[in-house]
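Here's the structure we're looking at; comments come further down.
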Amino acid sequence: MIESLAIIAFAALIHASFQLSVSMLTLLSGHAIGSKTAHTKLLRLTNAFALGVAIMTMLLLSFFALLVQYAFQAPVPVIAWVASCGLLLGLGLAVWIFYYRNEAGTSLWIPRNLARYLSDRTKATKQSGEAFSLGMTSVIAELIFIFTPLAISALVLVELDTDAQLLGILIYVVISLSPLVLVNGLIGSGHKLSHIQKWRETNKRFLQFSAGAGLLILGFYLYIDKVVAVTVTTYGAF
Amino acid sequence: MAGKAIDIIKREGKRPSEQFQRDKLHASIRAACLSVRSPEGVAESTATQVCDAVIIWLDTKPEVTSADVRRKATESLESFHPEAAYLYKHHRFVI
């Protein structure tokens, strides 16, 4: 069980290194502070945004786990692990190549029209309810990258007993949310947005490298643990 | 200093041109200063100084692009408030 929870925690850490939600939170708080929004309202907005991200992450992970359970039952077949490892390796390379644009700032891979729309929506957000749904949207908008960590966690989750499944979901949500909680805490405690954004820009290549490397490492590990080891145990080495 | 009527070409002509509006530039510079938690008085005076500098620069030009105005405003803001200038310059490149 510890090994399974460790895999879920590592997948969540990879999820945490994707930056769309953090970017949107930075923009949201920047505009709220710039328009002299009261500090309590600013916190309500950023907390609602983070809550939206947490709820949507939890819903997606639970939904994926349900789909996997209906499709395979435990134990998960080797072919599903092979496909997932392929996705992890492919996505790892894609993150290294595409995740950040080659321009100043922290521009992400997303199409410019969508980025402009998200940016405009974020700037126009004044109510906690809007911030909550914006948080949910930010998770959906990055689904192409977070799909694989979520799917891997779902595959691992269905092999656990019910209590451990709940713990696994909790671990995933808490770890994947940690950068958002950190940025939210920094904003709430009065740190300057320019410092946060400069740190993000300075370290964006490191974050990109570690997300891609994390995906590759997880892919290799799962291939050895869930495919090679199982095949060798079942059919013998030669 | 209201400035003469100058056409601003927006997004390389993809959106209709509009006349330069000092209030609009003032509000965006002020918001950038407030975003880095500058006091309101500092934000106001910085925005006024930047707008004055941009209007002097615009004086000899019949039309400019919105990107030119932003670049000039950033240059001017950098000398008054580098942190606000950083956010003003990069706010389109956050997502």
Return one number: the angle in degrees, 0 to 90 and rounded to the nearest 10, between the long axis of the Cα atoms of helix A:162-188 and the longest principal axis of the Cα atoms of chain A.
30 degrees
Find how much the distance from residue A:198 to residue A:228 grows on full extension, using 0.36 nm per residue of separation minus their present alpha carbon separation; answer in nm with one decimal.
6.4 nm
Under a Cβ-only charge scheme (Lys and Arg +1, Asp and Glu -1), can you give me the dipole magnitude of the range A:123-238 about the Cα centre, in debye to the nearest 20?
740 debye
Taking the Cα centre of the protein assembly as shown as origin and charging only Cβ (+1 Lys, Arg; -1 Asp, Glu), how large is the dipole, in debye to the nearest 20?
980 debye
Could you grab the relative contact order for the range A:2-230? Cα pairs under 8 Å, six or more apart, rounded to a whole percent.
47 percent
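How much length is gained if the chain between residue A:161 and residue A:35 is pulled fully straight, taking 0.36 nm per residue apart and subtracting their Cα-Cα distance, in nm to one decimal?
On the way: separation 126, 0.36 × 126 = 45.36 nm, distance 4.94 nm.
Between residue A:161 and residue A:35, full extension yields 40.4 nm more.
I need the shape label for chain B. Rule: rounded when a/c is under 1.5, else prolate if a/b > b/c, else oblate, with a, b, c from the alpha carbon gyration tensor. Write out the running numbers ahead of the final one.
Values: a/c = 2.09, a/b = 1.38, b/c = 1.51.
Cα axes put chain B in the oblate bin.
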Output the 0 to 90 degree angle, nearest 10, between the alpha-carbon long axis of helix A:193-202 and the longest principal axis computed from the alpha carbons of chain A.
40 degrees
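Under the definition of Cα pairs under 8 Å and six or more residues apart, what whole-number percent is the relative contact order of the range A:1-109?
On the way: 20 pairs, mean separation 19.8, N = 109.
Rounded, it is 18 percent for the range A:1-109.
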Out of B:27, B:73, B:43, any idea which swings most in a Gaussian network model of chain B, alpha carbons joined below 10 Å?
B:27
Pairs over 32 Å Cα to Cα, from A:123/B:14; A:198/B:61; A:204/B:61, come to A:198/B:61; A:204/B:61
Calculate the FRET efficiency for residue A:43 and residue A:209 from the Cβ-Cβ distance with a Förster distance of 41 Å, rounded to the nearest 0.05.
0.80
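Net charge near residue A:222: determine it from the other residues with C-beta under 15 Å of the C-beta of residue A:222, scoring Lys and Arg +1 and Asp and Glu -1. Each step should come with its number before you reach the end.
On the way: positive: A:226; negative: A:3, A:159, A:225.
Charge balance near residue A:222 sits at -2.
Taking only DSSP H segments of four or more residues, each worth -39500 (n - 2.57), what value at 222 nm results for the protein assembly as shown once the sum is divided by all its residues, to the nearest 500 deg cm²/dmol? Please list the in-between numbers first.
Details: 15 runs with 247 residues, N = 333.
Dividing the helical sum by the residues of the protein assembly as shown leaves -24500 deg cm²/dmol.
Summarise the partner chain shielding of A:32-39 as one whole number: the mean count of Cβ atoms from other chains within 10 Å of each residue's Cβ.
Details: counts 1, 5, 13, 5, 5, 1, 0, 0.
The per-residue average across the peptide is 4.
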Between the residues A:172, A:91, A:156, the Cα farthest towards the positive end of the dipole of the range A:61-215, that dipole coming from +1 and -1 charges on the beta-carbon of Lys, Arg, Asp and Glu, is from A:91
Compute the distance from the alpha-carbon center of the range A:1-54 to that of the range B:52-95, in whole Å.
30 Å
Give the relative contact order (percent, whole number) for the range B:29-80; include only Cα pairs under 8 Å separated by 6+ residues.
35 percent
Which of these, B:65, B:48, B:74, has the largest mean-square fluctuation under a Gaussian network model of chain B (Cα springs below 10 Å)?
B:65
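When the dipole is taken about the Cα centre of the range B:1-89, and only Lys, Arg (+1) and Asp, Glu (-1) are charged at their Cβ, what size is it in debye, to the nearest 20?
Numbers: 14 positive and 13 negative charges, 68 e Å.
Computed about the Cα centre, the dipole is about 320 debye.
Every read-out reported here was derived from the displayed coordinates using simple, explicitly stated rules and does not represent laboratory data. Remember, it's a predicted structure, so these values are computed and weren't measured experimentally. Cβ: placed from backbone, ideal geometry, glycine included. Neighbour counts: every protein chain shown.
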